[in-house]
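Data block below; observations after.
A short reminder: the numbers here are calculations on the coordinates, not readings from a lab. Quick caveat, the model's predicted, so the values are computed rather than measured. We place every Cβ from the backbone using ideal geometry, glycine too, and count neighbours over all the protein chains shown.
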Amino acid sequence: MILAAAILAVPAIAATTDTTSTTTGPGMSSPATPSPAATQHPTNMGAGVPASRSATTPGASAATAPAAPKYTTADGQVRVGKLVGTSVYNDQDQSVGSIDDVLMTHDNKATVAVISVGGFLGMGSKLVSVPFEQLKIEKDRVVMPGATKESLKGMPEYKYTA
């Protein structure tokens, strides 16, 4: 009977992350009650928290909270890893392509943006290179003033050499 109780208790103990136990008698133990944070699964963190509190701090509304910059750090540095795959818009708010790559010099300065133009879902597209300084990195988008799909398609195709 004790063996059956131990076998049934194993899944309950294994399901929690806090496996500390307290002794209840000679040779017997029972699992301690884990904290709520210890039993929360990473995919449902915040479960049980009202939606109004989960995304914002107490007292702040979504309308008053400033949006975090998507492509720059707080001190204005460009997050190159976030740029790859990003749509590039012109100053008329038209999508003209997407960033395929950012090339840097040996002294870690971004000099070239490789932009994918045309095609559909990457098929039939053409890669072109533009000087990185022609891109205007805004808080939530990338703009290339004066660019059009046609002007980028008319540029020589960029090919990686290695």
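Quick notes
- Length released on extending from Lys136 to Thr72, taking residue separation times 0.36 nm less the Cα-Cα span: 21.9 nm
- Sites Phe120 and Val80 - FRET efficiency at Förster radius 35 Å, r taken between beta-carbons, to 0.05: 0.85
- Nearest-20 debye value, the stretch 80-153 charge dipole, Cβ charges on Lys, Arg, Asp, Glu: 100
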